[in-house]
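Beneath this line is the structure, given in structure tokens, with notes to follow.
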Amino acid sequence: ERLFDLSTDMLCVADFDGFFRIVNSAFENTLGYARQVLLNTPSIDFVHPDDKAATLAARKRLLQAGEPVTCFENRYRCKDGSYKWLAWNAVASPKEKFVYAVARDITGQKAVQQALAGQRDLFKHVLANVPASIFWKDRNSVYLGANQRFAQDTGIQDPDELVGKTDYELAWTREQADFYRACDREVMDSGESMLNIEESQQQADGEMIELLTNKVPL
């Protein structure tokens, strides 16, 4: 019982009717409710409206099929009206008709994930709209990504299809591919940028164009 209350994770025992029978101090501290409120309120009432259907479906699988719940995420309403993201692990005991569960507050992690997703979306938007061809490679000059404009130069519609390819697999001539890779190697070996490289490039449609290229080591 002491270990139960000392845990910083939210530990609980619930019955098959959806009521908490036992909760530890972390439940009170995380959500802000008095323990009696938590015990006397159906647990589904705390769940965010958008998460109720998934929560009920997970509970059905747990109680009827006996499938353990692992890393299930939903939002719980706090006393102040805000919501916190919780990650649940739970098992059911049909003989006792109890559910034993552990929840962890992952609200901070969710905020970081959303911020990173926003940054990725912004990065993709910039890449898609900047009026230049952009690409990046690993130390073996294998493509790791590119924007849409560069993909079109190669004759490939989806930039993701470039991942894993080398210059020798694209529309350029052999001599052009050799030159590009030589510049890549110089940049990587020296750790210094090469700016305003004048180079020719054969496009996917056979047209030959002249480029001014910058290569920067990352």
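The values are calculated or read from the model by the stated rules, or taken from the named source; none is laboratory data. Predicted model, so just to flag it, every value in this text is computed and none were measured. Here the Cβ positions follow ideal geometry from the backbone for every residue, glycine too, while neighbour counts run over all protein chains shown. What goes into the accessible areas is simple: the full protein's heavy atoms, side chains included, and nothing from ligands, DNA or RNA. Shrake-Rupley method; radii C 1.70, N 1.55, O 1.52, S 1.80 Å.
With each label point set 7 Å from Cα along the Cα-Cβ vector, what nm distance links residue 209 and residue 79?
6.4 nm
Could you please put 61, 181 in sequence from largest to smallest accessible area, using a 1.4 Å probe?
Working: 61 110, 181 65 Å².
From most accessible down to least: 61, 181.
As a test of reading the structure, rank 79, 137 by solvent-accessible area (1.4 Å probe, protein chains only), most first. The partial results should precede the final answer.
Numbers: 79 145, 137 45 Å².
Accessible-area ranking of 79, 137, largest first: 79, 137.
By how many degrees, 0 to 90 and rounded to 10, does the Cα axis of helix 107-129 deviate from the longest principal axis of the chain?
That helix lies at roughly 20 degrees to the long axis.
Which of the aspartates and glutamates could a cross-linker span from residue 95 if the Cα-Cα distance has to be under 16 Å and same-chain partners fewer than 8 positions apart are dropped?
Hits, sequence-local ones excluded: 15, 17, 67.
With a 1.4 Å probe and every protein chain left in place, work out the accessible area per residue of the chain in Å², rounded to a whole number. Intermediate values should be presented prior to the final figure.
On the way: 13350 Å² over 218 residues.
Value for the chain: 61 Å² per residue.
Between 94, 131, 144, whose Cα lies farthest towards the positive end of the dipole of the chain when Lys and Arg beta carbons carry +1 and Asp and Glu beta carbons carry -1, centred on the Cα centre?
94
Taking Cα atoms, how many degrees apart are the long axis of helix 174-190 and the longest axis of the chain, rounded to 10 and kept between 0 and 90?
60 degrees
When the Cα centres of the range 9-74 and the range 104-183 are compared, how far apart do they sit, in Å?
Cα centroid of the range 9-74 versus Cα centroid of the range 104-183: 43 Å apart.
Compute a Gaussian network model of the chain, connecting alpha carbons closer than 10 Å, and tell me which residue from 38, 122, 195 fluctuates the most.
Per the Cα network of the chain with a 10 Å cutoff, 195 tops the list.
Relative to 2.2 N^0.38 Å, what does the C-alpha radius of gyration of the range 133-182 come to as a ratio? Two decimals please. Don't skip to the end; give the middle numbers.
Values: Rg = 9.9 Å, N = 50, 2.2 N^0.38 = 9.7 Å.
The range 133-182 yields a ratio of 1.02.
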